[in-house]
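S.K.: One structure, pasted below without further comment.
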Amino acid sequence: MTTAGAAEDEVVDLASELIRIDTTNTGELETTTGEREAAEYVAGKLTDVGFDVEVLESGAPGRHNVFCRLAGADPSRGGLLVHGHLDVVPADPAEWSVHPFSGAVQDGYVWGRGAVDMKDMVAMTLAVARRFKRDGVVPPRDIVFAFVADEEAGGKYGAQWLVENRPDLFEGCTDAVGEVGGFSLTLAEDRRVYLIEAAEKGIAWMRLRARGRPGHGSFLHDDNAVTKVAEAVARLGNHRFPMVLTDTVRSFLEQMAELTGLEFPEDDLEGSLAKLGPLSRIVGATIRDTANPTMLSAGYKANVIPSTAEAVVDCRVLPGREEAFLREVDELLGPDVTREWVTNLPSVETPFGGPLTDAMTAALLAEDPGSTTVPYMLSGGTDAKSFQNLGMQCFGFAPLRLPPDLDFASLFHGIDERVPIDALKFGTRVLERFLRTC
């Protein structure tokens, strides 16, 4: 089978052009920008080749999404959702060696905010969808292509809204693929393992609030809201939650031990994970819950003790740990500090194996003989949290064959975010093979 061709030929231009559309998501409606322009760009590329496209807002002005469906050979089979988000996190041009929204193509990379999170996958998906429609390719089952808003702020004006208000868009879909998985880890000179995301931690962003007696800053004071919230934040931020190995993480460690000969003893797991190099930061964050304070707010004048003080904590919770995690949090906070949800999204864990992951493995093997696939857990979160509510099995599969010396994990939300051109073309070939056989 000849794969890619025109899809591979245009994916770099598509990625560069998408990056040049500034779709910065600040988390605030007033300052988030560009999603409508990006959606119109994607819709134009799809209608150009004959797709019947639906573009719609999701809960707020400018939060635009694009959908199209490609009919498959067997309508009795469940459909496959291929999803990507159009928004990106903010970037400060002063910190970058190239402008973050230049989409520069140089030194073997496509540069810019969103290059790996996740306009690379959007470009690959768009290139393959265009190829299929243009050439009359009929996949084994229906494929729904979705390009959505607001993932970087939890999907309230994107996937969450769509699932709650327009579930008809996903009718018949039983499986979904999106970010973050399918990227390579080099084990030896010409031997790679590809990590498929089969699980991700839950997101629990909490606002903590303490109340106290206001007063003059020069007086003795034993009921200070700032002190209460600061002490609670310090207890929570310094706390070490218990180590828990989920099925996905245990499978990852067992398979990596077989592939590498390394040992990962549970009594020194964190120390042994360092052998995995930069990947250890992701894996290390999936063996226990985390609670990282990220914001503090209190007061309005140096000599006035305020009546309230607040903090925001970014908590990530392992599958099955939700109730135990909250009990620990409440014990740490104590009676003087209350909590409320800013965002509360569930964990995801999908059993690894079966026809869908077999198709992923086969597509990768065809392009990289001798490689293998291993399931892993993402320490962050994706729109899979919303799509699983419709009963879909969700995986992260945005295939990239990466240079062995590239610190891939640091590029997500990082400075000088970039994706290798060769990896983009490789991923396009793999994605096309996968979608022809899924």
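S.K.: Does residue 351 satisfy the condition of being more than 30 Å from residue 214 (Cβ to Cβ), assigned by TED's automatic domain parsing to the domain that holds residue 373 and either crowded, with 21+ Cβ neighbours inside 10 Å or at pLDDT 90 or above (or both)?
M.R.: So residue 351 fits the description; yes.
S.K.: Among the residues of segment 53-86, which ones are charged (D, E, K, R) and buried (at least 20 other Cβ atoms within 10 Å of the Cβ)?
M.R.: 63, 69
S.K.: For segment 311-347, name all the residues that are at pLDDT below 95 and among the hydrophobic types (A, V, I, L, M, F, W, C).
M.R.: 341, 342, 345
S.K.: Right, next: Could you run through segment 142-181 and say how many residues are among the aliphatic types (A, V, I, L, M), at pLDDT below 95 and surrounded by fewer than 24 Cβ atoms within 10 Å (Cβ to Cβ)?
M.R.: Number satisfying all stated conditions: 1.
S.K.: Show me the strands (runs of 3 or more DSSP E) entirely contained within segment 289-347 in which 2 or more residues are assigned by TED's automatic domain parsing to the domain that holds residue 209 and more than 31 Å from the chain's Cα centre (by Cα).
M.R.: Here the list reads 308-317.
S.K.: Also, quick follow-up: Can you name the condition, by its number, that residue 380 falls short on among (1) within 30 Å of residue 190 (Cα to Cα); (2) surrounded by fewer than 24 Cβ atoms within 10 Å (Cβ to Cβ); (3) modelled with pLDDT of 95 or more; (4) not basic (Lys, Arg)?
M.R.: (3)
S.K.: I'm checking my understanding of the structure. Among residues of segment 256-288 that are among the aliphatic types (A, V, I, L, M) and outside any helix (DSSP H, G or I), which one is farthest from residue 240 (Cα to Cα)?
M.R.: Among those that are among the aliphatic types (A, V, I, L, M) and outside any helix (DSSP H, G or I), it is 262.
S.K.: Would you check which residues across segment 17-40 are surrounded by 20 or more Cβ atoms within 10 Å (Cβ to Cβ) and not in a loop (DSSP other than H, G, I, E, B) and list them?
M.R.: The answer is 18, 19, 35, 38, 39.
S.K.: Right, residue 164: assigned to a helix (DSSP H, G or I) and either in contact (Cβ under 8 Å) with a residue 24 or more places away in the chain or among the aliphatic types (A, V, I, L, M) (or both) or not?
M.R.: Considered against the rule, which asks whether it is assigned to a helix (DSSP H, G or I) and either in contact (Cβ under 8 Å) with a residue 24 or more places away in the chain or among the aliphatic types (A, V, I, L, M) (or both), residue 164 comes out as no.
S.K.: Further question on the same structure: So, in segment 92-129, of the ones that are β-branched (Val, Ile, Thr) and either in a loop (DSSP other than H, G, I, E, B) or outside the structural domain of residue 388 (by TED's automatic domain parsing) (or both), which residue ends up surrounded by the most Cβ atoms within 10 Å (Cβ to Cβ)?
M.R.: Within segment 92-129, the match that is surrounded by the most Cβ atoms within 10 Å (Cβ to Cβ) is 116.
S.K.: Going through segment 265-310 one residue at a time, which ones are over 30 Å from residue 185 (Cβ atoms), touching a Lys or Arg at 6+ places or on another chain (Cβ under 8 Å) and either modelled with pLDDT under 95 or among the basic types (Lys, Arg) (or both)?
M.R.: Matches in segment 265-310: 305 only.
S.K.: Still on this structure, I have one more. Considering segment 59-91 alone, what residues qualify as being over 24 Å from the mean Cα position of the chain (by Cα), aliphatic (A, V, I, L, M) and not in a strand (DSSP E or B)?
M.R.: 71, 73
S.K.: Does residue 215 meet the test of being small (Gly, Ala, Ser) and buried (at least 20 other Cβ atoms within 10 Å of the Cβ)?
M.R.: Criteria not met by residue 215.
S.K.: Among residues belonging to segment 413-438 that are basic (Lys, Arg) and either farther than 19 Å from residue 184 by Cα or surrounded by 22 or more Cβ atoms within 10 Å (Cβ to Cβ) (or both), point out the one that is nearest to the chain's Cα centre (by Cα).
M.R.: Here the residue is 418.
S.K.: Tell me, which residue of segment 239-285 that is within 16 Å of residue 325 (Cβ to Cβ) and not aliphatic (A, V, I, L, M) is surrounded by the fewest Cβ atoms within 10 Å (Cβ to Cβ)?
M.R.: So, considering only residues that are within 16 Å of residue 325 (Cβ to Cβ) and not aliphatic (A, V, I, L, M), the one surrounded by the fewest Cβ atoms within 10 Å (Cβ to Cβ) is 240.
S.K.: Name the pairs: first residue in segment 212-231 and in the same structural domain as residue 309 (by TED's automatic domain parsing), second residue surrounded by 15 or more Cβ atoms within 10 Å (Cβ to Cβ) and part of a helix (DSSP H, G or I), Cβ to Cβ under 6 Å, at least 6 apart or on different chains?
M.R.: 212/225
S.K.: In segment 200-243, which residues are closer than 20 Å to residue 338 by Cβ, small (Gly, Ala, Ser) and within 26 Å of the chain's Cα centre (by Cα)?
M.R.: 204, 237
S.K.: Still on this structure, please answer the following. May I ask you to list the residues in segment 236-255 that are part of a helix (DSSP H, G or I) and either touching a Gly at 6+ places or on another chain (Cβ under 8 Å) or within 26 Å of residue 198 (Cβ to Cβ) (or both)?
M.R.: 247, 248, 249, 250, 251, 252, 253, 254, 255 - these are the residues of segment 236-255 that are part of a helix (DSSP H, G or I) and either touching a Gly at 6+ places or on another chain (Cβ under 8 Å) or within 26 Å of residue 198 (Cβ to Cβ) (or both).
S.K.: For residues in segment 92-124 being farther than 13 Å from residue 20 by Cα and aliphatic (A, V, I, L, M), which is farthest from the chain's Cα centre (by Cα)?
M.R.: The qualifying residue farthest from the chain's Cα centre (by Cα) is 94.
S.K.: Identify all residues within segment 185-212 that are surrounded by fewer than 24 Cβ atoms within 10 Å (Cβ to Cβ), small (Gly, Ala, Ser) and in contact with an Asp or Glu (Cβ under 9 Å, 6 or more places away or on another chain); write none if there are none.
M.R.: Answer for segment 185-212, where residues must be surrounded by fewer than 24 Cβ atoms within 10 Å (Cβ to Cβ), small (Gly, Ala, Ser) and in contact with an Asp or Glu (Cβ under 9 Å, 6 or more places away or on another chain): 202, 212.
S.K.: Among the numbered conditions (1) under 18 Å from residue 374 (Cβ atoms); (2) outside the structural domain of residue 116 (by TED's automatic domain parsing); (3) touching a residue at least 60 places away in the same chain (Cβ under 8 Å), tell me where residue 245 comes up short.
M.R.: So residue 245 meets the others, but not (3).
The values are calculated or read from the model by the stated rules, or taken from the named source; none is laboratory data. Bear in mind the structure is a predicted one, so any value in this text is a computation, not a measurement. Using ideal geometry, Cβ is built from the backbone for each residue, glycine included, and neighbour counts are taken over all protein chains shown.
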